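> Let me give you the structure first, and then I'll get to my questions.
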Amino acid sequence: MTEEGQVYMSHDLVSPLKNEALLTTCYVCHKDVSDMKAFVQRIQDRVTAKETEVGNRLSAFKDALAAAVSEGKMTEEELDAVRKLHREAQWFFDFCYVENAEGAHNSDLAFRCLDLSEARISEGMQLLGIIE
């Protein structure tokens with residue numbers, strides 16, 4: 001919201017670095033930031049690095065789950081518990097990844113989702129007997 005009370009809304013979920021009008025609205029709340037582009041870029045760099053890390057772990061989790069299914073050493077009930085964790089991990093990862101702003105709109109939520117995904121991955125890997 002601007003000082004005049006005008007609410008800024010956009011349903012065009014893109015990086016503020018790709019939309020100058022969106023970038024200037026950041027100053028409404030972040031008045032103390034002198035270089036908004038650098039500020040946003042730092043956020044995006046951190047979120048992207050975390051997305052890459054979690055995405056790689058998620059891929060390894062999927063591969064480990066597929067191997068467990070192929071090996072046939074776990075019951076369907078055990079596999080279902082792991083599948084549930086994989087679905088949840090994927091959902092939290094996707095929620096962050098497909099937002100298209102690389103965390104610029106709400107970096108706290110992006111990191112929270114990535115942390116939740118990572119926790120589900122760790123729990124699932126433990127159920128598969130894989131120590132990370």
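Please treat every number below as a calculation from the coordinates, not as lab data. Since this is a predicted model, take the numbers as computed values, not measurements. With ideal geometry, Cβ positions are generated from the backbone for all residues, glycine too; neighbour counts draw on all protein chains shown.
> Rounded to the nearest 500, what is the 222 nm mean residue ellipticity of the chain from helices alone, with -39500 (n - 2.57) per DSSP H run of 4+ residues and division by all residues?
-23500 deg cm²/dmol
> Taking trypsin sites (Lys or Arg not before Pro) as candidate sites, keep only those in a DSSP loop with at most 14 other Cβ atoms within 10 Å, then name the longest stretch of the chain containing none of them.
Segment 74-132 is the longest.
> Given R₀ = 41 Å, what would the calculated FRET efficiency be for Gln41 paired with Asp80, taking r from the Cβ atoms and rounding to 0.05?
Rounded to the nearest 0.05, the efficiency is 0.45.
> Here's a follow-up. From the backbone phi of the range 111-123, what are the Karplus-calculated ³J(HN,Hα) couplings (6.51 cos²θ - 1.76 cosθ + 1.60, θ = phi - 60°) in whole Hz, Gly and Pro given as x?
Working through the residues one at a time gives 5, 4, 5, 5, 5, 5, 4, 4, 5, 5, 4, 4, 4 Hz.
> Starting from the Cα gyration tensor of the chain, multiply each eigenvalue by 5, take the square root, and state the resulting semi-axes largest first in whole Å.
After diagonalising the Cα gyration tensor, the semi-axes are 39, 13, 11 Å.
> Still on this model: Net charge around Ala89, counting only other residues with Cβ within less than 12 Å of its Cβ (Lys, Arg = +1; Asp, Glu = -1)?
Around Ala89, the surrounding residues sum to +1.
> What full-extension length gain, to one decimal in nm, is calculated for Ser70 and Ile130 as 0.36 nm per residue of separation minus the Cα-Cα distance?
20.0 nm
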